[in-house]
1. Among the candidates Tyr466, Tyr526, which residue alone is hydroxyl-bearing (Ser, Thr, Tyr), more than 28 Å from Ser438 (Cα to Cα) and in contact (Cβ under 8 Å) with a residue 12 or more places away in the chain?
2. Only residues that are assigned to a helix (DSSP H, G or I), within 39 Å of the chain's Cα centre (by Cα) and exposed (fewer than 14 other Cβ atoms within 10 Å of the Cβ): list them for segment 28-86, please.
3. With the condition kept exactly as written, say whether any residue in segment 16-27 is modelled with pLDDT of 80 or more, of a type outside the set (A, V, I, L, M, F, W, C) and outside any helix (DSSP H, G or I).
4. Counting only residues that are among the hydrophobic types (A, V, I, L, M, F, W, C) and within 19 Å of Gln352 (Cα to Cα), how many does segment 273-315 have?
5. Of Arg506, Arg550, which residue is modelled with pLDDT of 95 or more, among the charged types (D, E, K, R), in the same structural domain as Gly76 (by TED's automatic domain parsing) and out of contact with any Lys or Arg (no Cβ under 9 Å at 6 or more places or on another chain)?
6. Out of curiosity, is Asp434 charged (D, E, K, R), part of a helix (DSSP H, G or I) and under 28 Å from Ala94 (Cα atoms)?
7. Can you name the condition, by its number, that Phe461 falls short on among (1) over 24 Å from the mean Cα position of the chain (by Cα); (2) buried (at least 20 other Cβ atoms within 10 Å of the Cβ)?
8. Just to be sure before I move on: is Val359 without any contact (Cβ under 8 Å) to a residue 24 or more places away in the chain and in a loop (DSSP other than H, G, I, E, B) in the structure I sent?
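The values are calculated or read from the model by the stated rules, or taken from the named source; none is laboratory data. Predicted model, so just to flag it, every value in this text is computed and none were measured. With ideal geometry, Cβ positions are generated from the backbone for all residues, glycine too; neighbour counts draw on all protein chains shown.
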Amino acid sequence: MSNSRNPKHDISTEVSDKETQIKAKKLQESFISGKISRRNFVSTSVAIGVSLAGATAVVNQVEAATPKSGGRLRMGITGGATSDVLDPGQILDAYMINVSMGQVRPNMTKIMPDGSVEGDLASGWQASNGAKTWKFDVRQGVEFHNGKTLDSTDIVDSIRHHMGPDSKSGGSGVVSGIASIKEDGKYGVVVELNEGNGDLPILLSDYHLNICPSKGDGSIDWESGIGAGPYTLEEHEPGVRTLTKKFANYWNTGNESHFDEVETLGINDPTARLAALSTGAVDAINNVPAKTASRLKSMVNVKTLISTGNKQCTMPMLCDVAPFDDQNVRNAIKHIINRQELLDKIFFGYGQLGNDNPVGPANYFRANTDELPQREYDPEQAKYYLKQAGLSSLSVKFHAADTGFSGSVDAGALMRESAKAAGIDIEVVREPNDGYWSNVWMVKPWSACYWSGRPTEDWIFSQIYYSKADWNDTHWNNSSFDKLLVEARSETDEAKRRDKYVEMQRIVHNDGGLALPVFLSEIMGYRSNITVPDQIANNWELDGHLAARRWWTA
C-alpha cells in the first residue's frame, strides 16, 4: 500500500522502564499488523500502564489509515476534450491519463509515492549485457475485463503499438531506444535496447504505455476500452464524463482500488471546478489556480493538497517557423520574461523559478546555478539578440488558454508589458480551451503549455526534446544534443553521465525553443469524505494520477 498505517502516537513513551517499553512496542506492532484485536490491544495496553487515551489514540490513527471499501469517487479534472480518443498513444492531458492509466489500463510498471518504481503488470525484471538486454516477468493471474488472461503477447503488442518510424504515438520518444521486443514464453518478455539504459523500468511507467489486449495479429484492441485495471469502462463521453466500476476479478483487490465506482468529469473552467468542490458536486479537483488557492481554506469540509515536483509551465516556440527559426530571436524572447514577476503575480509564490531548462528540482542530474546561471529579465540583452538577428524591433503573437496552464493569458499580458522595453510587441491571443491541444499547441508558432514532471532526465529529453520525438513541441533539431542523449543513456560512470546531462541542459537553455519561466506546485483540493494517504506521489498530480487506486472513503 502507498499509505502508512504507523500511527504518530507511540504508547511506549508512556511507560518508563525499558522492559515495559519493549512490550509496549511489540504490542503496538501486533495491533498495526492485525495480529490482535482492538479490544485486546486496548485492555493489554492499559494493563501494562498505558493510559486509555493513549491506547485509543493509536486505535483511531490506525483505523483512519486503514482503507475502507465502497462509495463513488467523483473527480473534476482539467485537460479533457471532445476530440479525446481511447488510443493510449494519443493521450494528451490529465483527463485521459487519469481515466486510462489511473483506472482502466495499467502499465508494466508504476511510480510509487516515494519515487521508486514498482512492478504493476510486470512482476519483476532483470538486466544484463550492460543494461541493453532486459527480461521482464509478466504477472500471472491477471485478467482483462473481457475475461482474457494477460500474457506476454499482450505486453509485446502494446509496446510495439508506439514503435516504428510511422508511429504517431506520444510515447514514441520513450520507446525510441528499443531495438526489439519479443515474447519469451507465455509469461516472459525480452527487450533489446540500442544502447544500455538503466532507466527502462521507469520509462515503462509513461502514461501512454498502457497495456491493452492483443488482437492476435500484432495489433491491440484499444477501441473497446478494455484493460486489466481495477475499474471497467462503463460510460464514456470524451472529455465530458466517464464512469468506471470496480472490476471484481482485479488481481490486486484488497490492496488498492477501494471505491465501487469512479466518476470523472471534465471541468476545464477553474471557477466551475472550485464551485463543484465547494458544493460537494465532486470530491476532488486538480489544477487549482494559485490565485484562488486561498479559497480552499475557507470552504467547509474541504482540504488543500499540495505536492512539489517537476511540473512546469512552458512557452514553446516553433524553431522551424519564422521568426523563431532564428536562435537570436528565441534568446531575445527568453530575456524579456520577468520570471520573478510571473511567480509572484501569476502563481502567488507556489513554485520556483525556471531557467529554460526542463530538468526540474526533483531530478537527480539537474544543473546547479554554477553550472547553468539563472537567466534574468534583461531587456538590454534582448535588444542585443534582436540586433544579432538583424532586427531593431519585433512583433509576435502568444497563443494561450487556461488549459495550457492556469493563468497563461495573464502571464502573456505581463510579458507584453515587460517586452516593451526591448522593442518587442506581443499580441496575446486568447484561445478556446476545447481543442487547444489539437489546434493550438504544436500548431501556432508560440503558445502556452505545461508538462508534468518526468522522473528522469532521459525521459523528458527523449519524449520532448529529441529531434525525432513525436511530442517535440518546439520542432527543435540539434545534432549535438541528440548525440549526447544516446551517449548519456549507456554511460555507467555517474560523474561522466552527469557531465553529459548538464551539457544537454546548457544546449537546450542556449539554443532550444523552450521558454520555461516557472516550476509549479501542484495545488489540488478534496473533500473530507475522502481519505488521502500521508505520502502521495508527485510525478503527476492527483497522487501520480492513481488517486482512484490509492485513496478511499473516509
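1. Values: Tyr466 fails: more than 28 Å from Ser438 (Cα to Cα).
Criteria check complete, one pass: Tyr526.
2. Residues satisfying the conditions are Glu29, Asn60, Glu63, Ala64.
3. Taking segment 16-27 first, the residues modelled with pLDDT of 80 or more are 16-27.
Imposing the further condition that a residue be of a type outside the set (A, V, I, L, M, F, W, C) reduces the set to 16-21, 23, 25-26.
Keeping just the survivors that are outside any helix (DSSP H, G or I) gives 16-17.
Yes; the residues of segment 16-27 include at least one that is modelled with pLDDT of 80 or more, of a type outside the set (A, V, I, L, M, F, W, C) and outside any helix (DSSP H, G or I).
4. Here is the first cut: in segment 273-315, the ones among the hydrophobic types (A, V, I, L, M, F, W, C) are 274-277, 281-282, 284-285, 288, 290, 293, 296, 299-300, 302, 305-306, 313, 315.
Pick out the ones that are also within 19 Å of Gln352 (Cα to Cα) and you get 288, 290, 293, 305-306, 313, 315.
Of the residues in that region, 7 qualify.
5. Working: Arg506 fails: in the same structural domain as Gly76 (by TED's automatic domain parsing).
The conditions single out Arg550.
6. Details: charged (D, E, K, R): yes; part of a helix (DSSP H, G or I): no; under 28 Å from Ala94 (Cα atoms): yes.
Criteria not met by Asp434.
7. Phe461 satisfies all of (1) over 24 Å from the mean Cα position of the chain (by Cα); (2) buried (at least 20 other Cβ atoms within 10 Å of the Cβ) except (1).
8. Values: without any contact (Cβ under 8 Å) to a residue 24 or more places away in the chain: no; in a loop (DSSP other than H, G, I, E, B): yes.
No, not satisfied.
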